[in-house]
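Here the structure is laid out as C-alpha cells; the discussion comes afterwards.
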Amino acid sequence: MSLKLRIVSPEKIIFNGEVDSVIVPGNMGEFQVLENHAPIISLLESGKVMYDDAQGRHEQMIASGFIEVQNNQVSLCVEL
C-alpha cells in the first residue's frame with residue numbers, strides 16, 4: 001500500500017488506513033490519486049469515493065467535502 005488515507009465526517013471517522021488508490025468526485029470531474037501525486041486541495045461534489053485496500057474496492061457516497069493530498073497522505077473531510 002502506497003497511500004495513507006483518512007476519511008472523516010463531522011459524525012465519525014469513516015476510514016483510516018493504507019490504500020493503493022483513491023477516486024473522488026472533484027468539482028471539475030472525477031479524479032484519481034495514486035502514489036506520489038502532486039500536492040492538491042480540491043472541493044468535492046456529491047458522488048462516490050472509491051478506494052482500494054488489501055480487502056478490495058470500497059465505496060462511500062458523499063454529499064460534499066474537500067480533499068488534501070500531500071506527501072502520500074490523503075485527507076478527505078466529507079458530509080454524508
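No value in this document is a laboratory result; all are computed from the given coordinates. Being a predicted model, the structure only gives us computed values, none of them experimental. Glycine also receives a Cβ, built like all others from the backbone with ideal geometry; neighbour counts cover every protein chain displayed.
For this structure, a couple of remarks:
- Segment 15-48, residues that are of a type in the set (Val, Ile, Thr) and closer than 12 Å to Ser75 by Cβ: Val22, Val24, Val33, Ile40, Ile41
- Listed by position, the strands (runs of 3 or more DSSP E) inside the chain whose residues that are without any contact (Cβ under 8 Å) to a residue 12 or more places away in the chain and surrounded by fewer than 17 Cβ atoms within 10 Å (Cβ to Cβ) number at least 1 are 13-19, 29-33, 56-62.
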